[in-house]
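A short reminder: the numbers here are calculations on the coordinates, not readings from a lab. Remember, it's a predicted structure, so these values are computed and weren't measured experimentally. So basically every Cβ, Gly included, is an ideal-geometry build from the backbone, and we count neighbours across all protein chains shown.
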Amino acid sequence: MKIAFIGVGRMGSRMAYRLLEAGHELSIYDPYTPAVDDLKKRGATAAGNPQEAAEGTELIMMSLPSPATFIDAVVGETGVLNKVSPGAIVIDFSTVDPATTKEIATQCARKNVYFLDSPVSGGVAGAASGNLVLMIGGCKEVIDRARPVLEVLSSRIVHCGETGAGQLTKLSHNLLTAINTVALGEVMSVSVKAGADLKVLCEVFSAGLAGSKMLDYLPKTLFTEERPANFAIDLMHKDISLCLKEFSNYSMPLGQLVLQTYNAARLKGLGGKDSTSVNELYEELINLRLTLN
Ligand code: NAD
């Protein structure tokens, strides 16, 4: 199938590798040249802007860093809607807000283009191995049309409801993930400072009700020497902010506290580090480094 892919960063590049390996024809757009060059070497065609990438394709996929870049890629001056064929499907893997999603879906529908919001969970490793969880909002028939290609990327396709329901689910997921990240960092750093062994804490917490996938993830990220930046603090901050805006009519004191914690990390210049590195704030406060090595 002829597919366009807009935004080939940490997540998009891994998804694009899989689509190429599965034999699809890929035209890509990303303003960051090294990311484009890497994919060109693997067989993708580079386009000068989103509309050029989308021309003549049946599926247009994107993985972008913000609502503004998503809007621009679809309905901007050189957005995909200028050149896309009627009947094509636009699938957005970025994490953005439900209201923007619904507005863009409406503009797609006016041009007889179908739209699915499909934010993802599973990180860079899930994208590379085709084990992403897709949280999809939109029409079941459209999902079924795209399913053979989506199955190259995902081992779990969840139809969350109508347009925007995927994003609502994803924002809720990420707020909970951020709360858990900070909760684990606070308790574990203070416990280690008080004399506990980090390895023992991991083993015992994992076996008990304090266990979580985030706890199992920390030994591969925060607790390593190199601390790979899989999902940036800046992106998690974006997701928490979008989520709290979405839920602004409700009281969410924990969410607000965690937003402030991520704000503090960004003010300290940690925005490009992994989202789990928000806990470097605790490390600094009590003067220790959480590492299993
Ligand atoms: P990233 O910053 O690594 O990649 C984003 C890419 O988009 C970059 O290559 C950038 O050059 C490109 N870009 C920026 N503006 C653009 C534009 N106007 N048109 C085309 N491309 C543009 O980010 P990422 O970590 O790959 O995340 C992408 C999306 O996926 C975000 O919405 C993020 O919240 C979400 N997400 C990320 C992860 C993760 O683990 N990294 C997990 C789940 C969801």
Exercise. Shape call for the stretch 2-163 from the C-alpha gyration tensor, a ≥ b ≥ c root eigenvalues: rounded (a/c under 1.5), prolate (a/b greater than b/c) or oblate?
Worked result: rounded
Exercise. Taking the Cα centre of each part, how many Å lie between the stretch 70-139 and the stretch 156-225?
Worked result: 28
Seminar exercise, completed: Residue separation between residue 191 and residue 155 times 0.36 nm, minus their alpha-carbon distance, gives in nm 9.3 nm
For this session: Could you pull out every residue, at least 5 positions away or on a different chain, whose amide H is within less than 5 Å of the one on residue 56? Hs are placed 1.01 Å off N in the peptide plane, and Pro or chain starts have none.
Result: 85
Problem set entry | Under-5 Å amide H pairs with residue 6, H placed in peptide plane, nonlocal only | 29, 61, 62, 63
Seminar exercise, completed: The ³J(HN,Hα) series, computed from each phi in the stretch 40-54 with the Karplus coefficients 6.51, -1.76 and 1.60 at θ = phi - 60°, rounded to the nearest Hz and given as x for glycine or proline, is 4, 4, 8, x, 7, 9, 8, 10, x, 6, x, 5, 5, 5, 7
Seminar exercise, completed: Per the C-alpha gyration tensor (a ≥ b ≥ c, the square roots of its eigenvalues), the stretch 1-54 is rounded if a/c is under 1.5, else prolate if a/b beats b/c, else oblate; here it's oblate
Exercise. Hey, got the dipole for the stretch 2-163? About the Cα centre, +1 on K and R Cβ, -1 on D and E Cβ, debye to the nearest 20?
Worked result: 300
For this session: Let me have the relative contact order for the chain, percent, based on Cα pairs under 8 Å that are six or more residues apart.
Result: 14
Exercise. By how many degrees, between 0 and 90 and to the nearest 10, does the Cα long axis of helix 253-267 differ from the longest principal axis of the chain?
Worked result: 90
Problem set entry | In the stretch 212-250, chymotrypsin sites (Phe, Trp or Tyr not before Pro) in a DSSP loop with at most 12 other beta-carbon atoms within 10 Å | 250
For this session: Kindly state, to the nearest 0.05, the FRET efficiency for residue 21 paired with residue 248, given R0 = 51 Å and r defined as their beta-carbon distance.
Result: 0.75
Exercise. For the chain, what is the mean residue ellipticity at 222 nm derived from helices alone (per DSSP H run of n ≥ 4: -39500 (n - 2.57); sum divided by total residues; nearest 500 deg cm²/dmol)?
Worked result: -15500 deg cm²/dmol
Problem set entry | the stretch 1-48: trypsin sites (Lys or Arg not before Pro) in DSSP loop, at most 16 other beta carbons within 10 Å | 42
Exercise. Roughly what angle does helix 98-110 make with the longest principal axis of the chain, taking Cα atoms, 0 to 90 degrees, to the nearest 10?
Worked result: 10
For this session: Return the long-range amide H neighbours of residue 161 (sequence gap of 5 or more, or a different chain), with a cut-off of under 5 Å between placed amide H atoms.
Result: 138
For this session: May I ask for the longest run of the chain untouched by GluC sites (Glu not before Pro) that are loop-located per DSSP and have at most 12 neighbouring C-beta atoms (other than their own) within 10 Å?
Result: 78-224
